[in-house]
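Novice: First the structure, which I've put down as structure tokens, then a few questions once you've had a look.
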Amino acid sequence: MSETSKDQYYVPHLAKWPIVGTVGMTVTFVGATLAMNSQTSTTPWVMYAGIAIILTMFFGWFSEVIKESEDNLYNKQVDGSFRMGMIWFIFSEVMFFAAFFGALFYARTLSIPWLGGEGTGLATNEVLWNGFEGVWPSNGPGELNGRFEIIDPYHLPLVNTLLLIASSVTITIAHHALRAGNRSQTIFWLIATVILGAVFIFFQAEEYVLAYQEFNLKLSSGIYGSTFFMLTGFHGVHVTLGAIMISIITIRVIKGHFKPESHFGFEAVAWYWHFVDVVWLGLFIFVYIL
Amino acid sequence: MFYMIKGKGQSSNTVRFLTVRVALSVVLFLFILLAAKMGWIEPNQPVFLKP
């Protein structure tokens with residue numbers, strides 16, 4: 001039975017979405033495994049079906065949560081659960097990027113100098129990688145995939161940094177406007193944030209085309225190419241996801257959702273966007289400049 | 001994160017914290033521009049392409 005009293009923690013009567021999600025993930029992974037191990041061209045469709053089930057789960061589950069929230073079924077305790085969920089989600093994202101930044105720092109400060117003969121790596125350099133210089137950017141022992149140029153940080157990446165910082169400013173203005181109960185201002189600044197995010201993604205795509213076609217900088221360009229594309233690529237995916245999330249929040253604000261004193265859905269997305277911006281600043285400094 | 005937990009629906013602390021966060025980012029960005037202009041930091045260039 002559904003519990004509707006605000007004194008008690010709301011528990012839905014029928015929670016079908018976790019099962020749908022489990023089925024979706026299973027089908028996706030089975031499909032991905034088949035696709036990777038089979039020569040037939042039809043197998044990716046199993047994976048696509050799995051992804052479709054997962055997307056249906058997201059859409060259905062989030063729609064239900066939004067409806068329950070608008071029906072005023074959640075009390076302070078439920079709000080606390082949502083906060084906990086979002087905190088652990090962002091923490092997991094921090095650790096995700098920490099792993100890739102860790103790989104970058106490890107390669108730059110430890111493994112490349114070792115291959116170049118530093119510390120106890122003298123024999124390694126002499127015997128295995130003779131002539132390899134421990135420098136950064138490196139195209140690896142044996143000039144993997146040849147020579148490449150790197151992206152000038154003071155062109156597209158600088159513009160992208162400006163765009164993302166500006167988008168954080170606009171989402172913060174929207175946050176203040178929402179708290180002040182000014183709906184039209186909130187909508188205006190949220191749309192501005194989505195546009196800034198979309199332009200960022202466009203420039204990032206431009207940069208990738210430039211890297212591949214003009215600079216011969218590829219995912220396969222040794223440790224530099226790997227770390228560069230893994231970090232900036234996953235960040236780009238996060239900006240895309242964040243922009244979709246802000247678009248949904250904008251639609252919700254237009255529909256009249258959220259109150260000045262209660263708007264955790266908005267706040268969670270704002271937190272996520274700020275996180276994505278901070279990661280970019282780290283990328284701009286440690287991947288592009290230094 | 002602290003204000004996100006403690007905010008409990010009243011997000012005045014959260015929004016204040018996020019505003020400070022954005023302001024710090026702007027300052028950091030301006031500092032990077034200044035450092036580049038003054039020559040304190042120099043962007044990477046592959047050794048194999050240096051003249």
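The values are calculated or read from the model by the stated rules, or taken from the named source; none is laboratory data. What you are looking at is a predicted structure, and each value in this text was computed from that prediction instead of being measured. Neighbour counts run over all protein chains shown; Cβ positions are idealised from the backbone, glycine included.
Novice: Suppose we filter A:123, A:99 for residues that are under 24 Å from the mean Cα position of the chain (by Cα) and on the phi < 0 side of the Ramachandran plot; which single one remains?
Specialist: None of the others qualify; the one that does is A:99.
Novice: With respect to the numbered conditions (1) within 14 Å of another protein chain (Cβ to nearest Cβ); (2) surrounded by 16 or more Cβ atoms within 10 Å (Cβ to Cβ); (3) part of a loop (DSSP other than H, G, I, E, B), which one is the sole condition not fulfilled by residue A:93?
Specialist: The single condition residue A:93 does not satisfy is (3).
Novice: Quickly run through the stretch A:37-78 and pick out the residues that are within 14 Å of chain B (Cβ to nearest Cβ) and surrounded by 16 or more Cβ atoms within 10 Å (Cβ to Cβ).
Specialist: Selection gives A:69, A:74, A:78.
Novice: Given the options A:215, A:286, A:234, name the one that is part of a loop (DSSP other than H, G, I, E, B) and either surrounded by fewer than 17 Cβ atoms within 10 Å (Cβ to Cβ) or modelled with pLDDT of 95 or more (or both).
Specialist: Within the list A:215, A:286, A:234, the selection yields A:215.
One line per residue, one yes/no per condition, for (1) within 23 Å of the chain's Cα centre (by Cα); (2) closer than 30 Å to residue A:256 by Cα; (3) of a type in the set (A, V, I, L, M); (4) in the same structural domain as residue A:279 (by TED's automatic domain parsing):
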| site | (1), (2), (3), (4) |
| --- | --- |
| A:63 | yes, yes, no, no |
| A:69 | no, yes, no, no |
| A:80 | no, yes, no, yes |
| A:83 | yes, yes, no, yes |
| A:86 | yes, yes, yes, yes |
| A:90 | yes, yes, yes, yes |
| A:103 | yes, no, yes, yes |
| A:113 | no, no, no, yes |
| A:116 | no, no, no, yes |
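Novice: Does residue A:195 qualify as being without any contact (Cβ under 8 Å) to a residue 60 or more places away in the chain, within 26 Å of residue B:32 (Cβ to Cβ) and either outside the structural domain of residue A:251 (by TED's automatic domain parsing) or assigned to a helix (DSSP H, G or I) (or both)?
Specialist: yes
Novice: Next up: For the stretch A:253-271, does any single residue satisfy the condition of being under 15 Å from residue A:148 (Cα atoms) and within 11 Å of chain B (Cβ to nearest Cβ)?
Specialist: No - not one qualifying residue is present in the stretch A:253-271.
Novice: Out of A:188, A:266, I need the residue that is of a type outside the set (Ser, Thr, Tyr) and either under 18 Å from the mean Cα position of the chain (by Cα) or under 30 Å from residue A:137 (Cβ atoms) (or both). Which one?
Specialist: A:266
Novice: While we're looking at this one, here's another question. Where the second residue is of a type in the set (Val, Ile, Thr) and the first is closer than 19 Å to residue A:153 by Cβ and lies in the stretch A:229-242, which pairs have Cβ atoms under 8 Å and are six or more apart or on separate chains?
Specialist: Within 8 Å, the pairs are A:231/A:287; A:232/A:287; A:235/A:276; A:235/A:279; A:236/A:201; A:239/A:201; A:239/A:276.
Novice: Could you check, for the stretch A:153-175, whether at least one of its residues is more than 19 Å from the chain's Cα centre (by Cα), touching a residue at least 12 places away in the same chain (Cβ under 8 Å), crowded, with 17+ Cβ neighbours inside 10 Å and outside any helix (DSSP H, G or I)?
Specialist: Looking for residues that are more than 19 Å from the chain's Cα centre (by Cα), touching a residue at least 12 places away in the same chain (Cβ under 8 Å), crowded, with 17+ Cβ neighbours inside 10 Å and outside any helix (DSSP H, G or I), one finds at least one in the stretch A:153-175, hence yes.
Novice: Could you tell me whether the stretch A:121-134 includes any residue that is polar (S, T, N, Q) and not in a loop (DSSP other than H, G, I, E, B)?
Specialist: Checking the stretch A:121-134: at least one residue is polar (S, T, N, Q) and not in a loop (DSSP other than H, G, I, E, B).
Novice: Let me ask something else. Please specify each residue of the stretch A:109-145 satisfying the condition of being at the interface with chain B (Cβ under 10 Å from one of its Cβ atoms), surrounded by fewer than 20 Cβ atoms within 10 Å (Cβ to Cβ) and under 18 Å from residue A:218 (Cα atoms).
Specialist: A:136, A:143, listed by residue number.
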